[in-house]
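Bear in mind that the values in this text are calculations on the coordinates, not laboratory data. The shown structure was predicted, so the numbers you read here are calculated from the model rather than taken from an experiment. Cβ atoms come from the backbone with ideal geometry, glycine included; neighbour counts cover every protein chain shown.
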Ligand code: GLP
């Protein structure tokens, strides 16, 4: 696992974008595994700026996202589909037809998980971008999720509901469930890029980088992947 420690969020975002842009430039048909949350927003802004100013093109790129809340339609402003459009897809030249997320508003959630797993079988991510939950979750794979899991329905932990409630009008509006790629789907990527910032992630970063490899801290599984780059600011790295 390669760990790059940056001064702050801005430097983390610039370096992460550089890595993704390099992959897209060397392979215009790259498959990008994408994440939501506050961690990758700056990365996406840098990618948008580079697309606008330097013309890096995403016309041939396919994207697969990690997860989506159950019960929110794609036009709900807290859905991850909406997040991806407003934070990235609307600002680069990617064809929306080539962007993929699990649908949290599907009437048959198991059938939706099956559809997404079948789709992922055809698109190995050249890079999978990840944020990190303060409890060590990746995607919405909460502590205890088996390492061989594929896309599944998740009951979110109280910790995650509380962490994510800052984005909703009240904690009662935070969905209690989500669909998430499993750990096996994440580990299937050719390379993995984790972006982490802030002191509240320091303990999870330590567990991810040098803790015991255990489902109790899902991100610790990344120690088993041959090509992982962690880009974190010095607050997130403060316990390393
Ligand atoms: C959310 C998402 C994760 C994300 C994590 C951290 O619950 N499902 O994919 O990486 O929590 O979010 P943030 O970057 O906002 O701290």
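Can you work out the base-10 log of I(q)/I(0) for the stretch 152-240 at q = 0.12, 0.19, 0.20, 0.25 1/Å, using the Debye formula on its C-alpha atoms alone?
Results for the stretch 152-240 at q = 0.12, 0.19, 0.20, 0.25 Å⁻¹ read -0.45, -1.05, -1.12, -1.27.
Based on a Kirkwood Rh over C-alpha pairs, give the Stokes-Einstein translational diffusion coefficient of the stretch 77-135 at 10 °C and viscosity 1.306 mPa s in µm²/s.
118
Please report how far the C-alpha centroid of the stretch 185-240 lies from that of the stretch 112-158, rounded to the nearest whole angstrom.
Taking the Cα centre of each part, the stretch 185-240 and the stretch 112-158 sit 15 Å apart.
Need one number: % antiparallel among DSSP beta bridges in the stretch 9-133, to the nearest 5.
In the stretch 9-133, DSSP labels about 0 percent of beta bridges as antiparallel.
Quote the convex hull volume per residue of the stretch 6-110, based on C-alpha atoms, as a whole number of Å³.
Convex hull of Cα atoms, per residue: 101 Å³.
Between 97, 203, 184, find the one with the highest GNM mean-square fluctuation for the chain; connect C-alpha pairs within less than 10 Å.
Fluctuation is largest for 97.
Using the C-alpha gyration tensor of the stretch 148-194, what are the square roots of 5 times its eigenvalues, in whole angstrom, with the largest one first?
Listed largest to smallest, the semi-axes of the stretch 148-194 are 26, 13, 7 Å.
On average over all directions, what projected area in square nanometres does the chain have, based on the convex hull of its Cα atoms?
11.6
Along the Cα→Cβ direction, 7 angstrom out, place labels at residue 168 and residue 210. What is the inter-label distance in nm?
Rounded to a tenth, the inter-label distance reads 3.8 nm.
When only C-alpha pairs under 8 Å and at least 6 residues apart count, what is the relative contact order of the chain, in percent?
Relative CO of the chain lands at 26 percent.
With n ≥ 4 as the cut-off for DSSP H runs, can you work out [θ] at 222 nm for the chain, using -39500 (n - 2.57) per run divided by the number of residues, rounded to the nearest 500?
Only helices count here, giving -9000 deg cm²/dmol.
Points 7 angstrom from Cα along the Cβ direction at residue 106 and residue 177: gap in nanometres?
The two pseudo-label positions are separated by 1.3 nm.
Output the Kirkwood hydrodynamic radius of the stretch 54-154, Cα pairs only, in Å rounded to one decimal.
Evaluated on the stretch 54-154, it is 14.8 Å.
Modelling each spin label as a point 7 Å along the Cα-to-Cβ direction, I'd like the residue 78/residue 225 distance in nm, to one decimal.
Label-label distance for residue 78 and residue 225, simple model: 2.8 nm.
Starting from the Cα-Cα distance between residue 158 and residue 49, subtract it from 0.36 nm times their residue separation and give me the gain in nm to one decimal.
Stretched fully, the residue 158-residue 49 segment lengthens by 35.6 nm.
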